[in-house]
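Taking it in order: structure first as structure tokens, then the write-up.
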Amino acid sequence: MKNKHQKLLSWRKANGCTLNLKINLDRLFEKPKERERFDAKWKDFIDSDPDNKKVYKKNGNILSYKSEQLIPTKIDKHPPLLLVLGNPATHSVESGMFFSFEGNKKEHRFWSKILRPAGVLDLPFEPGLSIEKLNKQRRDALFNLKYDSPYRIGLSVIISMPSAPGGKWGGIAGVQKLIGAKAIRRLEKAETKRVLECAKKFVTPKGAVIAFQKNAWNNLRSENDPEYEVKLARAGKLKVTLKESSKIPMFCVPPTRLSGPCSRVLRKFAKGML
């Protein structure tokens, strides 16, 4: 029998930017057939990324996993900017850093083609270091505010379940394929509480929340605010205040796969804050 008092989603901060989370599958799936479909897909999902087995553990009705959230506790004079993305790539979670370096030490486009050209963030990069040390260098820089930016940067995700960066099980689409459309709506409600809790602690009215993805925008906006449309995001017309807050601005930019438009709209919003 399901315990209605058990939380669907629980989380706690771990070392670095790692979050440890648990999903109660009895709360996530309301009907036996939903759970049966999930169990049937589980092996294919886990096998879709070599790091999935390191990040996930399923034990009975509890799904435990690692995810990421990077919120500095240090404060300076710069306005806080919380960047809310879709869901993390499993290899980045295992590496302990958002948008981890690739095997050839190539910078992810999020840093090199979006944030840096937008004038939002320029992180240190010493190519002589190992990938492990490069990721640690950037993680430490973000926590200690040792970077070039007119803002104090925080990073979060709207869906905490990691997945492969592409393919059948990649991104939020892959997570939805695994748990189903109805379950992902239930999960989004719990995840939204987590992100709002984070945002209200980190962001001030002088700062802002930037949504980089459809699910992030639709869940963090208020009911009467415009729904996500790519054309509106590309035109820089998605600008409201954060859900349950009348003072914290929230903007939406095009998805990161559209790095040029994403960076241009981000630059426009960021300049308007100063």
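The values are calculated or read from the model by the stated rules, or taken from the named source; none is laboratory data. Owing to the predicted nature of the structure, the values given are computational and were not obtained by experimental measurement. We place every Cβ from the backbone using ideal geometry, glycine too, and count neighbours over all the protein chains shown. These area figures cover heavy atoms from the full protein model, side chains too; ligands, DNA and RNA do not enter into them. Shrake-Rupley method; radii C 1.70, N 1.55, O 1.52, S 1.80 Å.
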- Message: Applying a 10 Å radius around every beta-carbon, put 43-52, 210-219 in order of their mean neighbour count, most first.
- Response: 210-219, 43-52
- Carbon/sulfur fraction of accessible area - the stretch 51-155, other protein chains in place, 1.4 Å, %: 49 percent
- Distance (nanometres) between label positions extended 7 Å along Cα→Cβ at ILE46 and TYR147: 3.4 nm
- Note: the stretch 175-274, point scatterers on Cα, Debye, no solvent; log10 I/I(0) at q = 0.13, 0.18, 0.22, 0.23 Å⁻¹ equals -0.47, -0.87, -1.19, -1.26
- Which length gain, in nm to one decimal place, applies between ASN20 and LYS247 when the Cα-Cα distance is subtracted from 0.36 nm times their residue separation? 78.7 nm
- Item | Cα→Cβ-extended label distance, 7 Å offset, between GLU227 and ASN104, nm | 4.1 nm
- Quick one: dipole size for the chain, taken about the Cα centre, charges +1 on Lys/Arg Cβ and -1 on Asp/Glu Cβ, in debye to the nearest 20. 480 debye
- Query: What number comes out for the charge environment of LYS66, summing +1 per Lys or Arg and -1 per Asp or Glu over other residues with Cβ under 14 Å away?
  - Reply: +3
- Item | Residues GLU30 and LYS133, FRET efficiency given R0 of 35 Å [Cβ-Cβ distance, rounded to 0.05] | 0.15
- With the cut-off at 25 Å, report for the stretch 61-163 the share of all Cα pairs above it, as a whole percent. 17 percent
- Order the following by accessible area, largest value first: ARG267, ARG35, ARG138. Probe radius 1.4 Å; ligands, DNA and RNA are ignored. ARG267, ARG35, ARG138
- Item | Positive-end extreme of charge dipole, the stretch 81-181 - chosen from PRO124, LEU142, GLY166 (charges on Cβ) | GLY166
- Query: For GLY167, what is the net charge nearby, where nearby means another residue's Cβ is under 15 Å from its Cβ and Lys, Arg count +1, Asp, Glu -1?
  - Reply: 0
- With the 1.4 Å probe rolled over protein heavy atoms, the chain has an accessible area per residue in Å² of 49 Å²
- Task: Could you state, as a whole-number percent, how many of the C-alpha pairs of the stretch 212-270 are farther apart than 19 Å?
- Result: 22 percent
- Assuming 1.002 mPa s and 20 °C, estimate D for the stretch 183-228 with Stokes-Einstein, Rh taken as the Kirkwood radius over Cα pairs, in µm²/s. 187 µm²/s
- Set Lys and Arg Cβ to +1 and Asp and Glu Cβ to -1, take the dipole of the stretch 29-141 about its Cα centre, and tell me which of SER100, ASN61, PRO79 lies farthest positive. ASN61
- Query: Near the amide H of ARG152, under 5 Å away, which other amide H atoms are found, from residues 5 or more places off or on another chain, if H is placed in the peptide plane?
  - Reply: LEU81
- Considering only protein heavy atoms, with the full assembly of protein chains and a 1.4 angstrom probe, order THR73, THR256 by accessible area, largest first. THR73, THR256
- Task: Tell me which residues come under 5 Å, amide H to amide H, from LYS146 once H is placed; ignore anything under 5 positions away on its chain.
- Result: none
